[in-house]
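Colleague: Handing you a structure now.
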Amino acid sequence: MVQRPEVKPETWAVMAGRGADSAGAPLNVPPVPASNFQLGSGRAYSRDDATPTWEAFEELLGGLEGGEAVAFASGMGAAAAVFDLLPVGAKVVLGDDCYQAVPGLAAAGEERGRWSVERVQIEDTARWIELAADADLVWLESPSNPLLRVADLPAICAAPRSADALVVIDSTFATPLVQRPLELGADLVMHSATKYLGGHSDLLLGAVVSSTPERAYQLRERRALAGATPGALEAFLAVRGMRTLPLRLQRATASATDLAERLAQHSAVEVVRYPGFGAVVSFDVQGGAAPADAVCGSVRIIRHATSLGGVESTMERRAAIPGQAHLPPGLLRLSVGCEHPDDLWRDLQQALTP
Ligand SMILES: *Cc1c(COP(=O)(O)O)cnc(C)c1O
């Protein structure tokens, strides 16, 4: 287990995962593009034994979350490894608003008779607690995507459950700087490091952080058997990105708060959905799909693109995505980056005023 020493997360983000503390050693663990290693050290083959670069990322993230991190090739690689831990016939409880590939993964397993899935409204705490009692997997994303609803994590993570049950929080939107679900009693925390941890829209990477070494071992075993291993360059870039995570998030959150307030005053905006933390703001444009598409087509600084968590602001109309037609048609999800908020506001203003 990575025990973060008595330093603040901001300091840990800078100091952790640096490798050997010895004369002449590089200050950062370099990307090590090795499939195999000379025998005798205990490290033989990367898929089984990891590489120093993945381990740097795992040390850094594990210390921030307060558990043992296992890196995967992507967020979905990490999610699939968790689902693979389930016994046949398992009961899965899943939020009604979450990253679309996770319900896709759950449905694919249900169709094959591997498990059954029940969806729960994010804010229905009583229902979460009721279903957790005999669930094998409780999978919850908070804040949710893209409606940005917030679950009562302290209550749900502490819900009574059987010894083998897993409560898993997809904490991608919040990052370990905003919430640490393991401290609340969750068993696992999942991250798409593709988003805020990497922070520069230039990599795919995922991780699961476990509250116990035993489950981390099982997840590493899944990684070795199923092969969803991280790339050397991706892990290196993620560590580099995480050095500035606290700074990026501080800036982006301040701008998101500011923009959410300004958007709420704008006559072309119907609803603003902002939980009061984090750097994603969803808002509904008056008039639905066509005016919202026009806004996406008119922004110049903000990029019309999917995904989130980069230094650059991005925005998209989520109902336009296949399988997402249930969402409000005019809902735009804005991932606020690190540009100056005045410039972002001017960009939104000109785009919202045809
Ligand atoms: C992007 C994302 C995922 C999937 O991660 P990938 O790295 O794209 O595989 C899972 N959950 C959330 C909340 C995400 O934003």
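Here, each number is a calculation from the coordinates, and none is a lab measurement. No experiment lies behind these values; they were computed from the predicted model shown. Cβ sites come from the backbone with ideal geometry, for glycine too, and all protein chains shown count toward neighbours.
Colleague: Taking 0.36 nm per residue of sequence separation and subtracting the Cα-Cα distance, how much length would be gained by fully extending the chain between Gln38 and Ala294, in nm to one decimal?
Modeller: 86.4 nm
Colleague: Quickly work out the Thr212-to-Leu225 label distance, labels modelled 7 Å from Cα along the C-beta direction, and quote it in nm with one decimal.
Modeller: The modelled label-to-label distance comes out at 1.8 nm.
Colleague: Positive end of the dipole of the stretch 9-243, charges at C-beta (+1 Lys, Arg; -1 Asp, Glu), about the Cα centre: which of Gly77, Ala44, Pro146 has its Cα farthest in that direction?
Modeller: Highest projection toward the positive end goes to Ala44.
Colleague: So, one more: Sticking with the crude label model, points 7 Å out along Cα→Cβ, report the distance from Ala264 to Gln286 in nm, one decimal please.
Modeller: 1.8
Colleague: Once the Cα atoms of helix 289-298 and of the chain are each reduced to a long axis, what angle between those two axes, in degrees from 0 to 90 to the nearest 10, is obtained?
Modeller: 70
Colleague: At what distance in nm do the modelled label points of Val271 and Glu312 sit from each other, each positioned 7 Å from its Cα along Cα→Cβ?
Modeller: The two pseudo-label positions are separated by 3.1 nm.
Colleague: How are the C-alpha pair distances of the stretch 193-331 spread across 5 Å bins, as whole percents from the shortest bin up?
Modeller: 2, 9, 14, 17, 17, 14, 11, 8, 5, 3, 1
Colleague: Between Pro329, Pro33, Pro341, where does the largest GNM mean-square fluctuation fall for the chain, given springs only between Cα atoms within less than 10 Å?
Modeller: Comparing Pro329, Pro33, Pro341 in a Gaussian network model of the chain, the most mobile one is Pro33.
Colleague: Mind ordering 45-58, 124-137 by average Cβ neighbours within 10 Å, highest first?
Modeller: 45-58, 124-137
Colleague: Taking the Cα centre of the chain as origin, sum charge times position over the Cβ atoms of Lys and Arg (+1) and Asp and Glu (-1), and report the length of that vector in debye to the nearest 20.
Modeller: 580
Colleague: Next question, about the same structure. Would you please put 239-248, 12-21 in order of how densely packed they are, using the mean number of other Cβ atoms within 10 angstrom per residue and starting with the highest?
Modeller: 239-248, 12-21
Colleague: What per residue convex hull volume, in Å³, do the alpha-carbon atoms of the chain yield?
Modeller: 140
Colleague: On a full-extension model of 0.36 nm per residue, what is the gain between Ser116 and Val7, subtracting their alpha-carbon distance, rounded to one decimal in nm?
Modeller: Computed gain between Ser116 and Val7 is 35.0 nm.
Colleague: Moving to a separate point now. Once you keep just the Cα pairs under 8 angstrom separated by 6 or more residues, what percentage relative contact order results for the stretch 280-354?
Modeller: 38
Colleague: With springs only between Cα atoms under 10 Å, which of Pro26, Pro103, Pro176 fluctuates most in a Gaussian network model of the chain?
Modeller: Greatest mean-square fluctuation among the candidates belongs to Pro26.
Colleague: Something else: Which order, highest average first, do 212-218, 195-201 follow once you tally other Cβ atoms within 10 Å for each residue and take the mean per peptide?
Modeller: Output ranking for 212-218, 195-201: 195-201, 212-218.
Colleague: Moving on. In percent, what relative contact order does the stretch 9-243 have, based on Cα pairs under 8 Å that are 6 or more apart in sequence?
Modeller: 26
Colleague: Suppose every K and R has +1 on its Cβ and every D and E has -1 on its Cβ; what is the size of the dipole of the stretch 19-84 about the Cα centre, in Debye to the nearest 20?
Modeller: For this selection, approximately 240 debye.
Colleague: Pick from Gly75, Gly109, Gly330 the residue whose mean-square fluctuation is largest in a GNM of the chain, springs joining Cα atoms under 10 Å.
Modeller: Among Gly75, Gly109, Gly330, the largest mean-square fluctuation in the Gaussian network model of the chain belongs to Gly109.
Colleague: Can you give the calculated 222 nm mean residue ellipticity of the chain, where each DSSP H run of n ≥ 4 adds -39,500 (n - 2.57) and the sum is split over every residue, rounded to the nearest 500 deg cm²/dmol?
Modeller: That comes out to -11000 deg cm²/dmol.
Colleague: So what J values fall out for the stretch 299-309 if you push phi through Karplus, 6.51 cos²θ - 1.76 cosθ + 1.60 with θ = phi - 60°, rounded to Hz, Gly and Pro as x?
Modeller: For the stretch 299-309, the Karplus-derived couplings read 5, 10, 8, 5, 8, 7, 7, 7, 6, 6, x Hz, x marking Gly and Pro.
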